[in-house]
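**Student:** Have a look at this one before I ask anything.
The numbers here are math on the coordinates, done by the rules we state, and not lab data. Computed from a prediction, not measured in an experiment: that's the story for all the values here. Backbone-built Cβ (ideal geometry, glycine too); neighbour counts: all protein chains shown.
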Amino acid sequence: MELLLQRYRNGSDSTLGSFFVGGEFSCFTCEDQHQEIKVRNETRIPAGRYEIKLRREGGSFNPRYAEKFNFHEGMLWLQDVPGFSWIYIHVGNTSEDTSGCILLGYVATRTDRGGFVSQSVLAYEEVYSVIARALSLDEPVFITVRD
């Protein structure tokens with residue numbers, strides 16, 4: 001399965017993008033802002049192609065998401081992101097809700113500083129179910145992130 005995150009709005013605090021599953025638009029994304037030198041908890045991941053796997057063990061997200069979402073089988077975890085670790089696709093609205101991770105939402109609102117997404121839980125539930133199903137069938141899942 002191929003996913004695409006096409007970034008389209010760069011701001012001083014956040015980045016908005018469009019998220020595609022199998023070539024079809026699915027939802028919007030919000031990430032941290034671009035920075036030439038990484039600042040912990042304030043920098044988006046570099047553009048590139050990353051495999052996604054489920055992270056079932058450890059971390060603070062897994063127990064919270066297992067309690068919140070009855071379908072949760074593990075976090076959607078991007079592999080081998082240069083300079084980053086534990087990068088997930090998850091729920092959130094603004095760059096304050098992420099430390100390099102990708103947030104999903106059905107509505108994107110542009111601001112002078114980048115933007116934010118809303119209806120995040122609904123978007124996450126839909127995207128998660130598609131990705132988790134592919135992974136349960138041992139289908140590899142990759143995301144391409146483009147600036």
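**Student:** Do you know which residues across the stretch 84-127 are over 17 Å from residue 60 (Cβ atoms) and of a type in the set (A, V, I, L, M)?
**Tutor:** 102, 104, 107, 108, 117, 121, 122, 123, 127
**Student:** While we're here: Could you grab the pairs with beta carbons closer than 9 Å, sequence gap of 6+ or different chains, first residue in the stretch 68-84 and closer than 24 Å to residue 41 by Cβ and in contact (Cβ under 8 Å) with a residue 60 or more places away in the chain, second one outside any loop (DSSP other than H, G, I, E, B) and among the hydroxyl-bearing types (Ser, Thr, Tyr)?
**Tutor:** 78/50; 78/88
**Student:** What about residue 15, is it in contact with a Cys (Cβ under 9 Å, 6 or more places away or on another chain) and surrounded by 17 or more Cβ atoms within 10 Å (Cβ to Cβ)?
**Tutor:** Taking the combined requirement at face value, the residue satisfies it.
**Student:** If the Cβ limit is 8 Å and pairs must be 6+ apart or interchain, which residue in the stretch 17-44 that is within 18 Å of residue 118 (Cα to Cα) pairs with which residue that is among the aromatic types (Phe, Trp, Tyr) and in a loop (DSSP other than H, G, I, E, B)?
**Tutor:** Matching pairs, first to second residue: 27/106; 28/106.
**Student:** What number of residues within the stretch 72-127 are surrounded by 16 or more Cβ atoms within 10 Å (Cβ to Cβ), assigned to a loop (DSSP other than H, G, I, E, B) and touching an Asp or Glu at 6+ places or on another chain (Cβ under 7 Å)?
**Tutor:** The number of residues fulfilling the criteria is 2.
**Student:** Further question: Just give me the residues in the stretch 11-57 being in contact with a Lys or Arg (Cβ under 9 Å, 6 or more places away or on another chain) and among the polar types (S, T, N, Q), in sequence order.
**Tutor:** Once the filter is applied, which keeps residues that are in contact with a Lys or Arg (Cβ under 9 Å, 6 or more places away or on another chain) and among the polar types (S, T, N, Q), the stretch 11-57 yields 12, 14, 15, 18, 29, 33, 35.
**Student:** Further question on the same structure: Kindly indicate the residue of the stretch 124-147 that is among the aliphatic types (A, V, I, L, M) and farther than 18 Å from residue 87 by Cα and also nearest to the chain's Cα centre (by Cα) among those meeting that condition.
**Tutor:** Only one residue fits best here, namely 130.
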